[in-house]
Amino acid sequence: MLNRKNKLLLFKLLSLFSVVRGYNILVITLAQYLASIYILAPDIPLGEVVLDANLFMIVTASALTIASGYIINNFYDAEKDLINKPTKSMLDRLVSQRFKLTTYFILNFLTVFAASYISFRAVLFFSSYIFGIWIYSHKLKRIPFIGNLVSSTLAIAPFFVVFVYYQNFQAVIFVHAIFLFLLILAREMIKDLENMAGDMAQNYRTIPILYGPKTSKTMISLFIVLTLIPALLLIKTFDVGYMYLYFAACIVLLVLFLVLLWRADAKKHYVWLHNIIKFIIVAGVFSILLIDVDVVLNRIL
């Protein structure tokens, strides 16, 4: 049995894990490795990719930066989250704001240290990435649409750095990137609908607050329709192995999403819509395996 002190420590660890959204970081880390193996470096032996020290440091630096980003975002959104996410907010508050800031600076230092192993350009990239996340959390997220655009760009940055590392400029990679970017952008705008109560209380100038939910829904619908274009291209034009099944399923889910979007009129509906897009993104990570179901055996042998 855990005593009171150990229980408190356990809850604080869970709180910190909640603040940095450890589950998201695990998914992004897996996505970086799978994208490297199946999409960005398909001709390099599996062992060389998995055991590449530079790639490991890129993934590590990305994870540390994302964790620090979640901390600084949580720091600035503490009051808003009390309204939008009361249960999660109470868990997050088990860790003090001072401890969060201390952890934020430590993670940023470790990021730069990991990046320095790769190259000076990597240090510049991750330093810029850290600054970009901070300026977004501090200022840009309050600017309508610009905040959504910057947030979506920051979300795909970990994949951009791996893309630059492998110098693979095939068209199929750009189409994959556009598909992911548009999905994330739609998700960010759904979050604005979901969080209207807290945003209004904290004077955030989001699109649904300034122009109304209908305008926001119209913009989200446009991005979802645009998302269908790269999905169809990846099915019809490019060789993505059995992953075409994933994109076909995405088209069905996104059409359903549009129907539900225009029927939504309460926070619980927007939470469901948010979860649909989150499911599509996470399922996409594991669906990368479908590009070549025999890749592990073939590349080991």
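Bear in mind that the values in this text are calculations on the coordinates, not laboratory data. Computed from a predicted structure; not experimentally measured. Cβ sites come from the backbone with ideal geometry, for glycine too, and all protein chains shown count toward neighbours.
Here are some notes:
- Taking every DSSP helix (H) stretch of at least 4 residues in the chain, weighting each as -39,500 (n - 2.57) and dividing the sum by the residue count yields a mean residue ellipticity at 222 nm of -26500 deg cm²/dmol.
- The chain: DSSP helices with Cα axial extent of at least 20 Å and average Kyte-Doolittle hydropathy no lower than 1.0: 53-76, 120-138, 146-166, 171-194, 213-236, 244-263
- Options Phe179, Ile209, Trp272, ranked by Cα towards positive dipole end of segment 170-301, top entry (Cβ charges): Ile209
- Cβ-based net charge around Ile277, under 12 Å, with every Lys or Arg adding one and every Asp or Glu removing one: +1
- Cα-centre dipole for the chain with unit charges at Cβ (Lys and Arg positive, Asp and Glu negative), debye to 20: 1320
- Qualifying aspartates and glutamates (Cα of each under 13 Å from Cα of Lys139; at least 8 residues distant if same chain): Asp77
- The smallest convex shape that holds all Cα atoms of the chain, its convex hull, gives 151 Å³ per residue.
- Debye intensity ratio in log₁₀ form over the Cα atoms of segment 170-301, taken at each q of 0.09, 0.12, 0.13 Å⁻¹: -0.31, -0.52, -0.59
- Reachable aspartates and glutamates, given that their alpha-carbon falls under 19 Å from the alpha-carbon of Lys80 and they are not under 8 places away in the same chain: Asp92, Glu188, Asp192, Glu194, Asp199
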